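Written out below as C-alpha cells is the structure these notes cover.
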Amino acid sequence: MTNATITVLLCGVGGQGTVLAADLLAHAALEAGYDVKVSEIHGMSQRGGAVTTIVRFGKDGVRSMVADVGAADAVVSFETTEALRNLPYLKEGGYLLVADETIKPLPVLTGRASMPDKAVSRLKEADAHVMPAGAIAAEVGSPKSVNVALLGALATRLDFPQQAWEQTIAARVPAKTIEKNIEAFRAGQAFASRCEE
Amino acid sequence: MELLSGNEAIAQGAWEAGARIGAAYPGTPSTETMEAFGAKEGVYAEWAVNEKVAVEVAVGASAAGVRVLSTMKHVGVNVAADPLFTAAYSGVGGGMVVLAADDPGMYSSQNEQDSHWYAKAAAIPMLDPADSAEALAFTREAYEVSERFDVPVFIRSTVRVSHTRTPVECGQRTERDLAPFESNPAKWVMMPAYAKPRRKVQLERIDKLSEWVETCPYNRVEMRDASVGIVCAGAVYQHVREALPEASVFKLGVTWPLPKQALRDFADAVESLYVIEEASTYLHDGVAACGICVADTPVPLPRDGELSPGLVAAAFGLEAPAHAEAPADVPGRPPALCAGCPHRLVFKELARMKAIVTGDIGCYTLGALPPLLAMDTTIDMGASVSMSHGFELALAGTDHRPVFAVIGDSTFGHSGLSSLVSTVYNRGGGNVCILDNRTTAMTGRQGNPFNGETLQGRPSRELDLEGILHALGIEDVRAVDPNDAKAVRAALKAAAANEELSVIVFRSPCVLIDRIRKAPYEVTAACTACGVCSTLGCPAISKDPELGVAFIDEGSCIGCGQCAQYCAFGCIVSTDKGGFDD
C-alpha cells in the first residue's frame, strides 16, 4: 500500500464533520511522510446536502485530487444512505467503513421519496464494516468524536505510525478535547481490530 | 510544509509579494482567498458591495502605487468586466492581481462560464495554477509580470484548485515601497483623446507578452511517449497525468496569451496532439488558431461539467475499473433551507398566493425546490428586482398573478439597489421582498453594508435600509418578522393589493449566526395526518410513510415555532423544558 497513491473518500451529510475527519487524515498522512491532496466542496451543497471529501496520499506525488468510480481504496461513510450512494467509488476489494447512522433526506421527510430497502444488510453484503461509531464515541464520554472514532477504524488499514495519528489529533483538535479524542480514536482502532479477529 | 487550499495559497502569494490592499465580493469558490489575505499582518482588506466596485478600488490603489489583490468568482468577473477592460488600457501603478475562480460542474453557481475568454477579450494575461504550491508561486510572480508589462494579471482557478489543500512551503514577505502617484492623464484618463493612443500601447504590450510567453518559466513541456501529446492547464493537468501517465504533456501555466510557436514545436514533436479542457473550447480554439491540427479523442470528452482522470481515460478508450453499480433506489439529498430558516414562511406564503416570483442569488434560491416551489426565475445578482419590473411591464393591463421579487440583503447591496432605483425612476409598480437575514449567508456569513460588519472587524455602521427606501420616494415600505406567518401573509396581501411599488423588509437573523436553540416542538397524538406541516420543507419535520402523521426530530428542531402556526389542529406544541442552551 505504500508506493501507489491511496484514495480515501469520506462522505456524509453536510454538518456531520467529514471535513474535520479529512483534515486529520490528511495531516496524519503528511506527518507520516506522504504527499497529500484534500478536495472539498463548499457552498450550496453544504446546506444539509450530500457531501464528499476526497483525501489522496502517496510517496511518489499525488496527481489528481478527485476520485472516479472504482478508484477509492477506502470509502468512509458517516451515514448509511450516503454509503450506498457512494458504493460505485469503492475499488474492488476496498475497505468500506460505515457509521450506523441514518439521516433521512428532505424528499423522504416530505413523503416525495422513500428510503432504500434494507440499506444496512445490502452494505454488509458489499463487505461493509458497519460501526456503531456514535455509541463508541459516547462510551468514551465524547459523543461528538464520531469522526475520530471512524478514523481510528480506518487507521488499522493504513500504515501510518500511531504517533503520526496521535500527534495530529493533539495538534488539531481543541486543547480540552485532546484526551477524549485520542480515547475515541483508540476505541475505533480496537473496534476494527476486533472485527478482524 | 503546510497544507493550504488554493485560495489560501493565493492569499499567501499576494502577501509574500508585498500586496497591501485587497478588495473583493464573496462568491464560491473564491471567498476564502480574501478572508485569508485579510487575516495577514500589514494588509488592509475589505468586502466591497460588488465585484465592479472591488476592482475599481483595486485599480485606484494600484494607480496610487500599492500592490493590490482583488478576488471573485467567475460570474463576478462579468460584473467587474467594465473596469477590467479599460484597466487593461491604463495598466497599473503597483502590481494588480485579480483572481477569477471558475466553477465547472456548477457546484454553487448559476453557470459554468470559462474565464479564459475574458483574458483574451480584455488582453489581460492569465496564469492557471494546478495546485496550491503553484497558486502561491504564480500569484507572487504575477505581481512582477503585472509591473513589468504594466497590466493587471488574472489568476484563474477552479473549484478543484481553490478548494483542494496540498502541501506548500510558505516564504517571507517582501515589503514594497509606495511608488508615488504622479498625475498622468494620458495613462489614467481614458477619454477618446487619451484612450486611442493607449490602445496602441495595449497592442504593443500584447506583442511583448506574446514574445515573453514563448520562453516564460510558467509553461512546461514534458516529453514522454511521443505518440500522444496533450495540451492542458490547471487541475485538468493533474487528471491527465493520472489518466495517461505515459503521454507527453504541454502544461500551460499562462493561458493567455498562448505560446504559439512553442505549441507548434510541441505539435511537431508528437504524433497526435489533443487539447483537454473543462466545459469550454477556449484552449482548443486557441491551439487550432496556431495552425495546429488538433486530433479528436477516440471517444468525445464531455462538453460540460468537470473532468476527472476517469473521464480523460474514457476519452482514450480506457475502461473504468470494476465497481459496483449505483443503486437505483437511493433518494437524492439536495441541499435545503435550514431548520428555523427565516426565509421559509415567505416562500410558503408566496406559494400559497400563487405569486409569480422573480428570485435571486443566495441560500434563498433553495425556495425554488420542492416542496416550497416558490420561485419562477433566477438569472444573476440583483435580477429579481429588475426582472419583476419587466414582468409588470409585460403583464400590464392583463389579469395576472401578483409579481414579487425576492432578494437577500447582501444581494440587494450588490446590485438590487440600482435595479430598484431604476424601477422607481420609471414609475414601476410591483412588489419587492428584501430577505434581510443580517448576513451574506450562502458563502459563509460575511459582512455587508446592511449588517455593518467589515472583513477585518473594523468598526462600521449598518446602513439604514428603510431609510434608503424612503429616500427613494417609495411610500409603501414595511418591516415584517418573517417568522410570524400571519404578519407575512398580511404584508404580502397588502403589497399585492397596492398598485404602487411596495417593498417589504423581512428581517430576522440567519439561524447560523448565533445558533440559538429554544425548546424543540413536538407533535401530539391528535395529529390528523393532514400533511400541511411537511409542505414547509423543514428538515426537522417528517411524515410517517404509512400513517402520514408528522414527527419532529428533537435533535434538528431549533424551536422556531414556524410549523406550529400552520397546524390547524393545534397538534404541534413546544416541549418548553425551559432554558435550552446549546
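For the reader, a short list of remarks on this structure follows.
- For the protein assembly as shown, the share of DSSP beta bridges that are antiparallel, to the nearest 5, is 30%.
- Backbone geometry of the stretch A:28-36 corresponds, through the Karplus equation with coefficients 6.51, -1.76 and 1.60 at θ = phi - 60°, to 3J(HN,Hα) couplings of 5, 5, 4, 4, 7, x, 9, 6, 9 Hz, x marking Gly and Pro.
- Charge context of B:MET34, other residues only, Cβ under 12 angstrom, K/R +1, D/E -1: -3
- Averaged over residues, the count of other Cβ atoms within 10 Å places the peptides A:121-128, B:338-345, B:516-523, B:400-407 in the sequence B:338-345, B:400-407, B:516-523, A:121-128, highest first.
- Axis of helix B:132-149 versus longest Cα principal axis of chain B: the two differ by about 60°, to the nearest ten degrees.
- Fraction of alpha-carbon pairs over 55 Å apart in the protein assembly as shown - percent: 11 percent
- Shape category assigned to the stretch B:1-123 from the gyration tensor of Cα positions, a/c cut at 1.5: oblate
- Prolate/oblate/rounded call for the stretch B:94-170, Cα gyration tensor, a/c under 1.5 rounded: oblate
- The stretch B:2-215 - convex hull of the alpha-carbon atoms, volume per residue in Å³: 110 Å³
- The alpha-carbon of B:LYS486 sits under 16 angstrom from the alpha-carbons of these lysines, leaving out residues fewer than 8 places away in its chain: B:LYS348.
- Diffusion coefficient of the stretch B:416-569 by Stokes-Einstein, Kirkwood radius over Cα pairs, 37 °C, 0.692 mPa s: 181 µm²/s.
- Where N is the number of residues in the stretch B:354-436, Cα Rg divided by 2.2 N^0.38 Å: 1.02
- Orientation-averaged projection of the stretch A:1-126 equals 8.0 nm² [convex hull of Cα atoms, one quarter of hull surface area].
- Computed on chain B, the Cα convex hull volume stands at 196 Å³ per residue.
- Here the mean projected area of the convex hull built on the C-alpha positions of the stretch A:136-197 is 3.8 nm².
- Stokes-Einstein translational diffusion, the stretch B:344-512 - Kirkwood Rh over all Cα pairs, 1.306 mPa s, 10 °C, in µm²/s: 100 µm²/s
- 14 Å Cα-Cα reach of B:LYS543 towards aspartates and glutamates, excluding residues that sit fewer than 8 places from it in its own chain: B:GLU522, B:ASP553
- Net charge over other residues, Cβ less than 9 angstrom from the Cβ of B:GLY537 (K, R count +1; D, E count -1): +2
- Packing-based exposure ordering (other Cβ within 10 Å, fewest first) of B:THR139, B:THR454: B:THR454, B:THR139
- Helix B:234-243 axis, angle to chain B major axis (alpha carbon atoms, nearest 10°): 80 degrees
- Derived scalar couplings ³J(HN,Hα) [the stretch B:357-363; Karplus, 6.51 cos²θ - 1.76 cosθ + 1.60; whole Hz; x for Gly, Pro]: 10, 8, x, 8, 9, x, 3
Where a number appears in this text, it was derived from the coordinates with a stated rule and is not lab data. What you are looking at is a predicted structure, and each value in this text was computed from that prediction instead of being measured. When we count neighbours, we look across all protein chains shown, and the Cβ atoms used for this are built from the backbone with ideal geometry, even at glycine.
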